[in-house]
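Following: one structure in structure tokens, then a few remarks.
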Amino acid sequence: DAGVIQSPRHEVTEMGQEVTLRCKPISGHNSLFWYRQTMMRGLELLIYFNNNVPIDDSGMPEDRFSAKMPNASFSTLKIQPSEPRDSAVYFCASGDHFNYGYTFGSGTRLTVV
Amino acid sequence: GEDVEQSLFLSVREGDSSVINCTYTDSSSTYLYWYKQEPGAGLQLLTYIFSNMDMKQDQRLTVLLNKKDKHLSLRIADTQTGDSAIYFCAETYGGSQGNLIFGKGTKLSVKP
């Protein structure tokens, strides 16, 4: 298995633009998580899905953020409009009930200028 | 709210043992985890311990859990320069594997 695949690896965009981050979880995993990592706040859970259904989105900072999981092999995190304070590394992770812990992707480094 | 605390930095000499400490708050945590993050990479699961265990050993890694004090530690024996990374402690929030709360990470620097 290729692991959790995230794209793009790096994204630089201008303030006000829409940004879409993509994630392909490990096949067979039924849980998917989006995390954001910054120096100031560390790792924050934004949202997680179980069997493609959003379970907890209390970490989503505001209405500008939205996440979808249309099927078991794909998820997106969208920011519209983006702001400089959204600059961070965004990680996707997936897991299942038979293995402990999660497998993380390599992350998307987002810079909003 | 729930919180996981770690010291931010640790520096050791190659060949020495490293001990990274963590305190957590959720007494219902079922599992506790240690993750490693190398520069520019995602988090890699190193090891985990079930809450009814006191110790777990896996090659050079030893995890100690003091449930009464809510204290978790990771000992790396014979630390190598390749062990230089950020180490994150994490607890399962609310007893469910569905939500991990991470500490801010301890940056381990290994000097030759």
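The values are calculated or read from the model by the stated rules, or taken from the named source; none is laboratory data. Quick caveat, the model's predicted, so the values are computed rather than measured. Positions of Cβ are generated from backbone atoms using ideal geometry, with glycine treated the same way; all protein chains shown enter the neighbour counts.
Taking the conditions exactly as written (modelled with pLDDT under 95 and surrounded by 14 or more Cβ atoms within 10 Å (Cβ to Cβ)), does B:Thr30 satisfy them or not? Yes; evaluated as a whole, the condition is true for this residue.
All conditions but one from (1) loosely packed, with under 12 Cβ neighbours inside 10 Å; (2) touching a residue at least 40 places away in the same chain (Cβ under 8 Å); (3) acidic (Asp, Glu) apply to B:Glu5; the one that does not is (1). Given the condition away from every other protein chain (no Cβ under 12 Å) and either within 30 Å of A:Arg9 (Cβ to Cβ) or polar (S, T, N, Q) (or both), answer yes or no: does some residue in segment B:30-50 qualify? For segment B:30-50, residues away from every other protein chain (no Cβ under 12 Å) and either within 30 Å of A:Arg9 (Cβ to Cβ) or polar (S, T, N, Q) (or both): absent.
Before we move on, is B:Leu108 within 14 Å of another protein chain (Cβ to nearest Cβ), closer than 21 Å to A:Phe104 by Cα and buried (at least 20 other Cβ atoms within 10 Å of the Cβ)? No. Please indicate, with yes or no, whether at least one residue in segment A:83-106 is facing chain B (nearest Cβ under 9 Å), without any contact (Cβ under 8 Å) to a residue 60 or more places away in the chain, of a type outside the set (Phe, Trp, Tyr) and on the phi > 0 side of the Ramachandran plot. Yes.
For A:Lys78, the criteria (1) closer than 23 Å to B:Gln37 by Cβ; (2) more than 10 Å from chain B (Cβ to nearest Cβ) hold in every case but one, which is (1). Hey, does segment A:62-71 have a residue that's more than 14 Å from chain B (Cβ to nearest Cβ), of a type in the set (Phe, Trp, Tyr) and farther than 28 Å from B:Asp3 by Cβ? Among the residues of segment A:62-71, not one is more than 14 Å from chain B (Cβ to nearest Cβ), of a type in the set (Phe, Trp, Tyr) and farther than 28 Å from B:Asp3 by Cβ, which makes the answer no. A Cβ distance below 8 Å, combined with a sequence gap of six or more or placement on separate chains, defines the contacts here; from segment A:3-20, residues that are within 15 Å of A:Tyr90 (Cβ to Cβ) reach residues that are acidic (Asp, Glu) in the pairs A:Val19/A:Glu11; A:Val19/A:Asp86. Among the criteria (1) surrounded by fewer than 18 Cβ atoms within 10 Å (Cβ to Cβ); (2) among the charged types (D, E, K, R); (3) out of contact with any helix residue (DSSP H, G or I) (no Cβ under 7 Å at 6 or more places or on another chain), the one B:Glu91 does not fulfil is (1).
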